[in-house]
Amino acid sequence: MESDAIPVQPFRTRLYGDDLLAGFDPADPASYAATHDFAVYRAWVAAGRDRASHIHAVAQAIHDSSISDALDGFTTSRRLVGIMGGHRMVRATADDAPYVGVVRVARALAGAGIVPTSGGGPGAMEATHLGARTATRDWSEVVTHLDTLASVPSFPDGVGGVVAADGAVDLDVLTRLHAWQRPAFAVHDATCDEPGVSLGVPTWFYGHEPPTPLATHHAKYFQNSVREHGLLAIARHGVVFFPGSAGTLQEVFQDACQNFYGLHGLVSPMVFVGRPFWTETLPAWPLLGRLFADTGMLALVDEPDDAVAFLLDHPPIPHP
């Protein structure tokens with residue numbers, strides 16, 4: 001049964017799927033508020049976010065523990081690669097657009113039997129799941145879906161206040177979110193016949209960023225710290241880093257720490273796409289090159305195909 005404190009089943013036995021966003025209606029701008037995902041976010045905000053009472057905190061902790069158990073079951077027999085990048089990455093159709101590059105990487109990985117994994121939200125995360133979802137489809141069909149998504153290219157600004165502290169919903173913000181979500185649901189409906197498997201690991205901590213309907217599985221958490229650690233921990237066959245901002249950079253160094261100290265007994269490949277970005281804009285590459293000079297598990301590339309080739313040629317190795 002659901003918790004009386006917050007509308008989730010704390011003792012959940014499986015990951016979320018389409019049930020997380022069931023009730024979304026492309027014709028109804030307020031329909032996102034009727035989904036389970038939004039109802040939980042709204043209750044979480046009204047309960048005090050991460051400063052909730054003990055009864056709320058207990059329900060959330062049990063839920064997150066249950067999700068971790070379900071995630072363990074999902075990952076046991078699968079190879080996962082994480083794809084990280086900016087949540088503001090613009091939906092685009094040009095061959096050299098970062099969004100299309102993420103789609104190509106995820107498509108190729110899924111075609112090789114690897115499960116692409118992301119934070120489950122907008123931008124590079126959404127592109128990850130589009131690529132995985134369409135892995136067995138002709139590229140011409142993917143182009144059609146890219147056109148659909150690019151009709152609303154950018155994630156809307158100023159949506160953090162969609163739910164006020166007392167639980168009140170800003171209908172103007174909700175309408176703008178709905179307009180951005182609608183193309184992704186159109187692509188979801190057009191690809192619901194045997195979609196390629198992918199995993200999103202979102203969090204209600206960033207609940208104003210809706211999870212993408214293009215992921216087939218969602219491991220959604222309340223605690224962002226648990227989610228961040230778990231997302232990188234399960235990506236044992238590597239992580240691809242596309243350009244992003246502070247959140248992506250945090251993931252770079254968190255993954256580097258896990259690899260450097262062998263926190264999970266392995267060193268997994270880390271691939272950076274975009275030489276100018278990683279050597280000049282946010283020059284993480286020189287530092288990481290010093291940390292991992294002897295492992296051979298680090299790559300800096302410009303082409304999505306080269307990122308995939310490196311990952312396939314460099315499975316994880318035992319930590320020395």
Open item on the list: Checking V8 against (1) surrounded by fewer than 21 Cβ atoms within 10 Å (Cβ to Cβ); (2) in contact with a helix residue (DSSP H, G or I) (Cβ under 7 Å, 6 or more places away or on another chain); (3) free of Cβ contacts under 8 Å to residues at least 60 places away in the same chain; (4) part of a loop (DSSP other than H, G, I, E, B), only one condition comes out false. Which one?
Closed with: (1)
Task: Condition check for T212: out of contact with any Pro (no Cβ under 6 Å at 6 or more places or on another chain), within 16 Å of L15 (Cβ to Cβ) and not acidic (D, E) - done: yes
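Mind telling me which of the residues A164, A150, A132 ends up being of a type in the set (A, V, I, L, M, F, W, C) and more than 20 Å from A184 (Cβ to Cβ)? Outline the logic, then answer.
Details: A150 fails: more than 20 Å from A184 (Cβ to Cβ); A132 fails: more than 20 Å from A184 (Cβ to Cβ).
That would be A164, the only listed residue that is of a type in the set (A, V, I, L, M, F, W, C) and more than 20 Å from A184 (Cβ to Cβ).
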TODO: Tell me, yes or no, whether the range 230-244 has at least one residue that is of a type outside the set (V, I, T), under 27 Å from F205 (Cβ atoms) and exposed (fewer than 14 other Cβ atoms within 10 Å of the Cβ).
DONE: no
Open item on the list: I want to confirm something. Restricting to the range 73-123 and keeping residues that are among the hydrophobic types (A, V, I, L, M, F, W, C), within 23 Å of G158 (Cα to Cα) and touching a helix residue (DSSP H, G or I) at 6+ places or on another chain (Cβ under 6 Å), which single residue is surrounded by the fewest Cβ atoms within 10 Å (Cβ to Cβ)?
Closed with: A92
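Given the residues V143, V152, which is the only one that is touching a Pro at 6+ places or on another chain (Cβ under 7 Å), under 22 Å from A94 (Cα atoms) and of a type in the set (V, I, T)?
Answer to the check: V152.
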- [ ] Among the residues of the range 248-293, write down those that are assigned to a helix (DSSP H, G or I), surrounded by 12 or more Cβ atoms within 10 Å (Cβ to Cβ) and among the aromatic types (F, W, Y).
- [x] F253, F260, F277, W278, W285
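Of the residues R227, R236, which is on the phi < 0 side of the Ramachandran plot, basic (K, R) and in contact with a Leu (Cβ under 8 Å, 6 or more places away or on another chain)? First the steps, then the outcome.
Details: R227 fails: in contact with a Leu (Cβ under 8 Å, 6 or more places away or on another chain).
So the residue among R227, R236 that is on the phi < 0 side of the Ramachandran plot, basic (K, R) and in contact with a Leu (Cβ under 8 Å, 6 or more places away or on another chain) is R236.
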- [ ] Might you let me know whether the range 26-44 holds any residue that is at pLDDT 95 or above, more than 23 Å from A164 (Cα to Cα) and not β-branched (V, I, T)?
- [x] yes
- [ ] Report yes if some residue within the range 34-57 is exposed (fewer than 15 other Cβ atoms within 10 Å of the Cβ), in contact with a helix residue (DSSP H, G or I) (Cβ under 8 Å, 6 or more places away or on another chain), within 20 Å of L130 (Cβ to Cβ) and not acidic (D, E); otherwise report no.
- [x] no
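I want to confirm something. Restricting to the range 186-211 and keeping residues that are in contact with a Phe, Trp or Tyr (Cβ under 6 Å, 6 or more places away or on another chain) and not in a loop (DSSP other than H, G, I, E, B), which single residue is nearest to A124 (Cα to Cα)? Don't jump to the end; show me each part of the working.
Filtering the range 186-211 for residues in contact with a Phe, Trp or Tyr (Cβ under 6 Å, 6 or more places away or on another chain) gives 203-204, 207.
With the extra rule that they be not in a loop (DSSP other than H, G, I, E, B), the set shrinks to 203-204.
On the way: T203: 16, W204: 18 Å.
Once the filter is applied, the top-ranked residue is T203.
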- [ ] Return the total of residues in the range 126-178 being within 30 Å of V197 (Cβ to Cβ), part of a loop (DSSP other than H, G, I, E, B) and in contact (Cβ under 8 Å) with a residue 60 or more places away in the chain.
- [x] 7
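The values are calculated or read from the model by the stated rules, or taken from the named source; none is laboratory data. It should be emphasised that the depicted structure is a prediction, and the values quoted were computed from it without experimental measurement. No Cβ is skipped: glycine too gets one built from the backbone with ideal geometry, and neighbour counts run over all protein chains shown.
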